[in-house]
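Peer 1: If you scroll down you'll find the structure; I have some questions about it.
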Amino acid sequence: METSRSNSFAILALTVLAAGALLLDHTGFFAGAFRTEILAMVDGGDVVSVGEAVTAHNTSASDKASARYSRR
C-alpha cells in the first residue's frame, strides 16, 4: 500500500510540473528559448531538383563503370 501512495505522489508531482512548464511556455516566459532561427539565404541557381540529382548520380555511376572496364 505504501508503494501505491509514493507512485501516486510522483505522478501528481510530474503532472503539476509539466502543466506549469506548459503554462509558462504559453505565457511567453520561455519566448525564444526553444526556437531556432535559420539565418540562411538560398539562391535559385543553387537549388537542385530531384531529376537533376538522379541524372548526376547515374552519370557518375556510368563514368565509374566505364573507367573500370577501360582499365582491363
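Peer 1: I'd like the Karplus ³J(HN,Hα) series for the range 21-35: coefficients 6.51, -1.76, 1.60, θ = phi - 60°, whole numbers in Hz, and an x wherever there's a Gly or Pro.
Peer 2: Each residue of the range 21-35 in turn: 5, 5, 5, 5, 5, 5, 7, x, 4, 9, 3, x, 5, 10, 10 Hz.
Peer 1: Taking 0.36 nm per residue of separation and subtracting the Cα-Cα distance, what length does fully extending L17 through L39 add?
Peer 2: 4.6 nm is the gain from fully extending L17 to L39.
Each reported figure results from applying straightforward, stated rules to the coordinates on display, with no laboratory input. These numbers were taken from a predicted model, which means no experiment stands behind them.
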